[in-house]
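This report concerns only the one structure given below.
The values are calculated or read from the model by the stated rules, or taken from the named source; none is laboratory data. Predicted, not measured: the structure shown is a model, and the values here were computed from it. Note that we place each Cβ from the backbone using ideal geometry, even for glycine, and neighbour counts take in every protein chain shown.
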Amino acid sequence: VTTTLYRNARIFTPVDNGKPAAGKNQAKITSWENGALLVKNGQIAAVGDDADVRAQTVSHPPDQEVDLGGRCVIPGFVDPHTHMCFAERREAEFEQRIAGTPYMEILARGGGILSSVRSIRAADEDALFAMTLRTVRTAMALGTTTVEIKSGYGLDTTIELKMLRVIARVAEAVPADVVPTFLGAHAIPQEFRENSDAFVDLVVSEMLPAVAEQGIARFCDVFCETGVFSIEQTRRILSAAKEVGLAVKLHADEVNDLGGAGLAAELSAVSADHLLASSPENLARMAEAGVVANLLPATAYSLRKPYARARDMIAAGVPVALATDCNPGSSYTESMPFVVGLSVMAMHLTPAEALTAATLNAAYALKLSDRVGSLDAEKQADFLVLDGESPAILAYHAGVSPVVGIFKGGKKIAGNLE
Ligand SMILES: [Zn+2]
């Protein structure tokens, strides 16, 4: 057993009341100006005012003390929506896109998600592992200590399983918590263009049983959107997923209001993600069911699209989380500091609301709130040291990561903190 006392820190953490923080609670942050964090065996043993934490160490003095120089400490970021397992970037396509070529035209030329499908199908498994590892390490260096990664560029059973194997290998290779999500229904593959129901049959009768049997996914996700999967198809896939023991989430109402937010409430999904076009009625249903809204402002930034109406969601009592949506097409960033900054500047979250969104509510969106997401005693000692006085530094110091120390389970995993 080793214990470390981190002292001389301004500590900021959301308050975990056993459910995602919604409404006014989204902005509830506990802070200590002269705070201390006592870490024992990788877990938080005590947190609070320096004198109070020290009082708990009188009979068992800590093995070591670390002076954080008055810097800011927050929980490690939880990124609850990413597509970090991809084989190739799409940099040339980005240039076409910003020059004005419509996405549908890029798709018609075999670009867009189709090029990610092609490259992942062709990729050697070790090369895919190396690429994914590199992406996850970049995220960790920016403060992400827990990350969800989806499959979904295979669109057939063999390749979806290959992606999930790679995600499992990455989980073994890094100290961060890596959460695998099966997203077989990410797009309709070319070969099923004229018969999407047949592809849904394949997802339900072949992919899902194989994924469940191998036990290599914790969640099932579906891209519910016009031209992708309908509400009926989404309901069918997610209901089947629940039957084989996977928790469910969905890409909902990104472009059109198909009622994805309402379906998320109906199915008790852990989260509904995007939500640009959701109706107030369906957002109210999400609030009632406690479904987390995963908002992805880096996608709006990258696509030059409007941002989700986060203020309306908070006013409606929907718990809001933030994620990078990291993928080679519509949002190529691993940076939670960037996402938090965007949420403050473009979606008008307060820094306190954004902190809750990027930590505690994101942990609920991955069903990991018992272990991560806030600096509460007995949770994992996952915390960040920021070169700043408060979490507002994440928005204020634009385009720069103020994260100088990244600790996972009490161990420093990245950052240049001495
Ligand atoms: Zn996504």
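Things worth noting here:
- Criterion applied to A358, A321 was being in contact with a helix residue (DSSP H, G or I) (Cβ under 8 Å, 6 or more places away or on another chain), more than 14 Å from the ligand (Cβ to nearest atom) and farther than 29 Å from P102 by Cβ, and the one residue passing it is A358.
- If the condition is being in contact with an Asp or Glu (Cβ under 7 Å, 6 or more places away or on another chain), in contact (Cβ under 8 Å) with a residue 40 or more places away in the chain and either assigned to a strand (DSSP E or B) or under 13 Å from D376 (Cβ atoms) (or both), then segment 1-53 contributes T3, T4, L5, R7, N8, R10, D16, Q43, I44.
- Test: residue in segment 343-352 that is part of a strand (DSSP E or B), away from the ligand (no atom under 16 Å from the Cβ) and touching a helix residue (DSSP H, G or I) at 6+ places or on another chain (Cβ under 7 Å): no
- Filter pass, T132 being in contact (Cβ under 8 Å) with a residue 12 or more places away in the chain and either closer than 28 Å to A240 by Cβ or of a type in the set (D, E) (or both): yes
- Summed over segment 293-318, the residues that are over 15 Å from A22 (Cβ atoms), within 16 Å of the ligand (Cβ to nearest atom) and of a type outside the set (F, W, Y) give a count of 9.
- The combined condition, being closer than 24 Å to V339 by Cβ, away from the ligand (no atom under 16 Å from the Cβ) and either modelled with pLDDT of 95 or more or aliphatic (A, V, I, L, M) (or both), is fulfilled by G290.
- Matching residues, segment 364-403, being polar (S, T, N, Q) and outside any loop (DSSP other than H, G, I, E, B): Q380
- Residue pairs whose Cβ atoms lie under 6 Å apart, sitting 6 or more positions apart in sequence or on different chains, and linking a residue in segment 282-307 that is within 23 Å of V248 (Cα to Cα) and hydroxyl-bearing (S, T, Y) to a partner that is within 16 Å of the ligand (Cβ to nearest atom) and at pLDDT 95 or above, are T299/D325; T299/S331.
- Among (1) away from the ligand (no atom under 15 Å from the Cβ); (2) in a loop (DSSP other than H, G, I, E, B), the one test that E160 misses: (2)
- Count of residues meeting criterion [touching a His at 6+ places or on another chain (Cβ under 8 Å) and at pLDDT 95 or above] in segment 196-238: 4
- Pairs with Cβ under 7 Å, 6+ apart, first in segment 320-337 and closer than 18 Å to A352 by Cβ, second in a loop (DSSP other than H, G, I, E, B) and away from the ligand (no atom under 12 Å from the Cβ): A321/A365; M336/L142; M336/G143; P337/L142; P337/G143; P337/S401; P337/P402
- The strands (runs of 3 or more DSSP E) located wholly in segment 241-335 that include 2 or more residues which are farther than 25 Å from T350 by Cβ and in contact with a strand residue (DSSP E or B) (Cβ under 9 Å, 6 or more places away or on another chain) occupy 247-252.
- Residue tally, condition touching a Lys or Arg at 6+ places or on another chain (Cβ under 9 Å), among the aliphatic types (A, V, I, L, M), within 16 Å of the ligand (Cβ to nearest atom) and in a helix (DSSP H, G or I), over segment 71-124: 1
- Number of the exception - D221 against (1) surrounded by fewer than 24 Cβ atoms within 10 Å (Cβ to Cβ); (2) closer than 30 Å to A21 by Cα: (1)
- A residue that is surrounded by fewer than 20 Cβ atoms within 10 Å (Cβ to Cβ) and at positive phi cannot be found anywhere in segment 138-148.
- Contacts under 7 angstrom Cβ, first residue in segment 210-224 being farther than 23 Å from D253 by Cα and in a helix (DSSP H, G or I), partner modelled with pLDDT of 95 or more and within 14 Å of the ligand (Cβ to nearest atom), 6 or more apart: V211/F182
- Residue within segment 49-63 that is buried (at least 19 other Cβ atoms within 10 Å of the Cβ) and modelled with pLDDT of 95 or more present: yes
- From the options F229, F182, residue that is closer than 21 Å to L128 by Cβ, within 16 Å of the ligand (Cβ to nearest atom) and in contact (Cβ under 8 Å) with a residue 12 or more places away in the chain: F182
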